[in-house]
1. Consider residue 177 against the criteria (1) at pLDDT below 90; (2) farther than 20 Å from residue 255 by Cβ: it satisfies all of them except one. Which criterion is unmet?
2. Output yes when any residue across the range 95-114 is under 33 Å from the mean Cα position of the chain (by Cα), at pLDDT 65 or above and over 18 Å from residue 174 (Cα atoms), and no when none is.
3. How many residues are touching a residue at least 40 places away in the same chain (Cβ under 8 Å) and outside any loop (DSSP other than H, G, I, E, B) if we restrict to the range 148-174?
4. Name the residue that is farthest from residue 62 (Cα to Cα), counting only residues in the range 142-156 that are within 10 Å of the chain's Cα centre (by Cα) and surrounded by fewer than 18 Cβ atoms within 10 Å (Cβ to Cβ).
5. Only residues that are closer than 28 Å to residue 135 by Cα and touching a helix residue (DSSP H, G or I) at 6+ places or on another chain (Cβ under 9 Å): list them for the range 226-240, please.
6. Across the range 22-46, what is the number of residues that are under 21 Å from residue 79 (Cα atoms) and at pLDDT below 75?
7. Filter the range 199-222 for residues that are surrounded by 15 or more Cβ atoms within 10 Å (Cβ to Cβ), farther than 14 Å from residue 187 by Cα and out of contact with any strand residue (DSSP E or B) (no Cβ under 6 Å at 6 or more places or on another chain) and give the result.
8. Identify, by number, the condition in (1) more than 22 Å from residue 255 (Cα to Cα); (2) buried (at least 17 other Cβ atoms within 10 Å of the Cβ); (3) touching a strand residue (DSSP E or B) at 6+ places or on another chain (Cβ under 8 Å) that residue 168 doesn't meet.
């Protein structure tokens, strides 16, 4: 009995730190478990919501929101776990929480740009202005949205370059992949050509393209002729457009221009190049044969 009594002070001395260490370990384990459970719940909820959605656009939005919610859950759970660990280490949490308001105010004034990034990111998500997979132009940068957080938007352009655009710099979003798009084509013909004949060829080529199995599913309506768009120095510009599925405007436009070149060649319709026509030795009504001098703009 005396031996036990002699060990009691040592046991009491070691009991406190050992118990605190156990509690800290449990808090860390609980934090990790909570993060794992939260991420799985958010992922499961996102999958169920996406399963009920029909459009690819809505599915991409659900995926984007799911990633952001997982990020927020990780941050919140990590902060709570950190505060509990500090409390177990004997650090008074109340002064820290009280000072956090003052520090947060100071940080708010000194770090307005990051704060603006986060608030802008929240509104971009709530208003569904852009999501992963969209092709957009923001802050003078254009490309496919590869990732989006509350801090920045990650874009990859056609050349493969990756742009990280802070959300605070985004004032206007030009989204080229929502609902439908228009493949607009401007076709230049020489002034001596018949406009109606050129428009007829354009309609014929457009109808053939719409009947092609490879493009029938991409084109939503018949080719729309706007007519004469403008007079250039060496050409009359004719304009038309296809209504197409999102992100198909470039493919449809390229194929249409390829086919139209062959059709114009077959019909003898000149696609003009920069040139100057000089009439020498005759007046307005007494015309003389013209000779052409090509102008190389390069």
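The values are calculated or read from the model by the stated rules, or taken from the named source; none is laboratory data. The structure displayed is predicted, hence computed values, not measured ones. Using ideal geometry, Cβ is built from the backbone for each residue, glycine included, and neighbour counts are taken over all protein chains shown.
1. (2)
2. Yes; the residues of the range 95-114 include at least one that is under 33 Å from the mean Cα position of the chain (by Cα), at pLDDT 65 or above and over 18 Å from residue 174 (Cα atoms).
3. Result for the range 148-174: 5.
4. 142
5. 238, 240
6. To start, the set of residues in the range 22-46 that are under 21 Å from residue 79 (Cα atoms) comprises 22-42.
From what's left, at pLDDT below 75: 22.
Counting residues in the range 22-46 that are under 21 Å from residue 79 (Cα atoms) and at pLDDT below 75 gives 1.
7. 204, 209, 215
8. So the condition that residue 168 fails would be (3).
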